[in-house]
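Chemist: Handing you this structure, nothing more for now.
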Amino acid sequence: QVQLVESGGGSAQAGGSLKLSCAASGDIFSTCEMGWYRRAPGKEREWVSSIDGHRTRYRFSVQGRFTISRDYGKNTLYLQMDNLNIEDTAVYSCWAQCEGDDYWGQGTQVTVSS
(Lines give C-alpha, C1' and ligand atoms only; values in the text may rest on other atoms or scores of the structure.)
Protein backbone atom coordinates (compact mmCIF):
# COMPACT_ATOMS: atom_id res chain seq x y z
CA GLN A 1 0.00 0.00 0.00
CA VAL A 2 1.03 3.56 -0.72
CA GLN A 3 -0.28 6.66 0.97
CA LEU A 4 -0.12 10.05 -0.73
CA VAL A 5 -0.77 13.37 0.97
CA GLU A 6 -0.79 16.62 -1.00
CA SER A 7 -0.15 20.09 0.31
CA GLY A 8 0.58 23.54 -1.06
CA GLY A 9 -2.65 24.33 -2.84
CA GLY A 10 -4.37 27.65 -2.41
CA SER A 11 -5.18 30.81 -4.29
CA ALA A 12 -3.08 32.83 -6.67
CA GLN A 13 -3.58 35.58 -9.17
CA ALA A 14 -3.10 35.00 -12.85
CA GLY A 15 0.60 35.11 -13.61
CA GLY A 16 1.47 33.99 -10.10
CA SER A 17 3.03 30.81 -8.77
CA LEU A 18 2.23 27.95 -6.44
CA LYS A 19 4.16 24.86 -5.49
CA LEU A 20 2.42 21.60 -4.67
CA SER A 21 3.98 18.82 -2.62
CA CYS A 22 3.01 15.19 -2.29
CA ALA A 23 4.42 13.19 0.60
CA ALA A 24 4.48 9.47 -0.11
CA SER A 25 4.67 6.72 2.47
CA GLY A 26 4.25 2.97 2.62
CA ASP A 27 5.47 0.71 -0.17
CA ILE A 28 6.78 3.53 -2.31
CA PHE A 29 9.79 2.61 -4.41
CA SER A 30 12.08 4.62 -6.63
CA THR A 31 10.74 2.53 -9.52
CA CYS A 32 7.19 3.82 -8.99
CA GLU A 33 6.09 6.31 -11.57
CA MET A 34 4.51 9.39 -10.00
CA GLY A 35 2.62 12.35 -11.31
CA TRP A 36 -0.17 14.88 -11.02
CA TYR A 37 -3.71 14.94 -12.32
CA ARG A 38 -6.33 17.66 -12.01
CA ARG A 39 -10.08 18.00 -12.21
CA ALA A 40 -11.56 21.36 -13.08
CA PRO A 41 -15.17 22.17 -12.15
CA GLY A 42 -17.56 20.37 -14.47
CA LYS A 43 -14.76 18.60 -16.33
CA GLU A 44 -13.18 15.18 -16.42
CA ARG A 45 -9.97 14.49 -14.56
CA GLU A 46 -6.94 15.07 -16.77
CA TRP A 47 -3.32 14.14 -16.60
CA VAL A 48 -0.97 17.07 -15.97
CA SER A 49 2.54 15.73 -15.59
CA SER A 50 4.48 12.65 -14.57
CA ILE A 51 8.00 11.58 -13.73
CA ASP A 52 9.55 8.16 -14.22
CA GLY A 53 13.14 8.01 -13.13
CA HIS A 54 14.55 11.17 -14.65
CA ARG A 55 12.09 11.29 -17.52
CA THR A 56 9.46 13.98 -17.20
CA ARG A 57 6.37 14.57 -19.28
CA TYR A 58 3.83 17.39 -19.39
CA ARG A 59 0.52 18.02 -21.00
CA PHE A 60 0.87 20.60 -23.74
CA SER A 61 -1.03 23.37 -21.95
CA VAL A 62 1.38 23.43 -18.98
CA GLN A 63 4.67 22.90 -20.81
CA GLY A 64 7.11 25.68 -19.99
CA ARG A 65 5.05 26.80 -17.00
CA PHE A 66 4.98 23.75 -14.70
CA THR A 67 7.96 21.77 -13.43
CA ILE A 68 7.67 18.35 -11.84
CA SER A 69 10.39 17.03 -9.57
CA ARG A 70 10.92 14.31 -7.05
CA ASP A 71 13.07 14.01 -3.95
CA TYR A 72 13.71 10.29 -3.62
CA GLY A 73 15.35 10.68 -0.23
CA LYS A 74 12.28 12.43 1.19
CA ASN A 75 9.77 10.39 -0.85
CA THR A 76 8.20 13.65 -1.93
CA LEU A 77 6.87 14.75 -5.28
CA TYR A 78 6.61 18.41 -6.26
CA LEU A 79 4.88 20.48 -8.88
CA GLN A 80 6.14 24.01 -9.34
CA MET A 81 3.46 25.99 -11.15
CA ASP A 82 4.46 29.34 -12.63
CA ASN A 83 2.62 31.83 -14.81
CA LEU A 84 -0.68 30.41 -13.65
CA ASN A 85 -3.81 31.17 -15.60
CA ILE A 86 -7.49 30.89 -14.76
CA GLU A 87 -7.76 27.62 -16.68
CA ASP A 88 -5.39 26.02 -14.17
CA THR A 89 -8.08 26.23 -11.48
CA ALA A 90 -8.79 22.66 -10.37
CA VAL A 91 -8.34 20.08 -7.66
CA TYR A 92 -4.86 18.64 -8.13
CA SER A 93 -4.24 15.05 -7.12
CA CYS A 94 -1.01 13.18 -6.67
CA TRP A 95 -0.74 9.78 -8.35
CA ALA A 96 1.64 6.87 -8.07
CA GLN A 97 1.82 3.63 -9.98
CA CYS A 98 3.74 0.88 -8.24
CA GLU A 99 3.95 -2.64 -9.60
CA GLY A 100 0.83 -2.12 -11.67
CA ASP A 101 -1.30 -0.64 -8.88
CA ASP A 102 -2.56 2.95 -8.92
CA TYR A 103 -2.67 5.13 -5.83
CA TRP A 104 -4.20 8.58 -5.36
CA GLY A 105 -3.99 11.39 -2.88
CA GLN A 106 -7.05 13.20 -1.60
CA GLY A 107 -6.41 16.28 -3.72
CA THR A 108 -5.64 19.91 -3.07
CA GLN A 109 -7.53 22.89 -4.45
CA VAL A 110 -5.80 25.43 -6.67
CA THR A 111 -7.75 28.56 -7.51
CA VAL A 112 -6.44 31.16 -9.93
CA SER A 113 -8.15 34.53 -10.22
CA SER A 114 -7.71 37.40 -12.62
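Chemist: Ignoring ligands, DNA and RNA, what percent of the 1.4 Å accessible area of the chain is carbon and sulfur?
Modeler: Numbers: 2780 of 6050 Å².
Ligands and nucleic acids excluded, carbon and sulfur give 46 percent.
Chemist: Something else now. Explain nothing, just compute: Karplus ³J(HN,Hα) = 6.51 cos²θ - 1.76 cosθ + 1.60, θ = phi - 60°, for every residue of the range 87-102 in order, whole Hz, x for Gly and Pro.
Modeler: Using θ = phi - 60°, the values come out as 5, 7, 4, 4, 8, 9, 10, 7, 9, 9, 10, 10, 6, x, 9, 9 Hz.
Chemist: So with the 1.4 Å probe, I'd like the accessible area per residue for the chain, rounded to whole Å².
Modeler: Values: 6050 Å² over 114 residues.
Per-residue accessible area for the chain comes out at 53 Å².
Chemist: Considering the chain as a Gaussian network with a 10 Å cut-off on Cα pairs, which listed residue, GLY26, GLY35, GLY73, attains the greatest mean-square fluctuation?
Modeler: GLY73
Chemist: At what distance in angstrom do the alpha carbon centres of the range 1-27 and the range 39-98 lie from each other?
Modeler: 9
Chemist: Please list SER30, SER49 in order of solvent-accessible area, largest first, computed with a 1.4 Å probe with all protein chains present. If you can, show how the numbers build up before the last one.
Modeler: Details: SER30 75, SER49 0 Å².
Greatest to least solvent exposure: SER30, SER49.
Chemist: Longest segment of the chain with no GluC sites (Glu not before Pro) in a DSSP loop having at most 12 other Cβ atoms within 10 Å? Mind showing how you got there, number by number?
Modeler: Details: sites that count: GLU44, GLU99.
Free of exposed loop sites, the longest segment is 45-98.
Chemist: Under 10 °C and 1.306 mPa s, how fast does the chain diffuse according to Stokes-Einstein, given a Kirkwood radius computed over C-alpha pairs? Answer in µm²/s, whole number. Mind showing how you got there, number by number?
Modeler: Numbers: Rh = 14.0 Å.
Here the translational diffusion coefficient equals 114 µm²/s.
Chemist: Within the range 84-114, which chymotrypsin sites (Phe, Trp or Tyr not before Pro) sit in a loop by DSSP and count at most 15 neighbouring Cβ atoms inside 10 Å? Mind dumping the intermediate values first?
Modeler: Working: sites: TYR92, TRP95, TYR103, TRP104; in loops: none.
Nothing satisfies the criteria.
The values are calculated or read from the model by the stated rules, or taken from the named source; none is laboratory data. Nothing here was measured: the structure is a model prediction, and the numbers come from that model. As a convention, Cβ positions derive from the backbone with ideal geometry for all residues, glycine included, and neighbour counts pool all protein chains shown. Heavy atoms of the whole protein, side chains included, go into the accessibility calculation; ligands, DNA and RNA do not. Shrake-Rupley method; radii C 1.70, N 1.55, O 1.52, S 1.80 Å.
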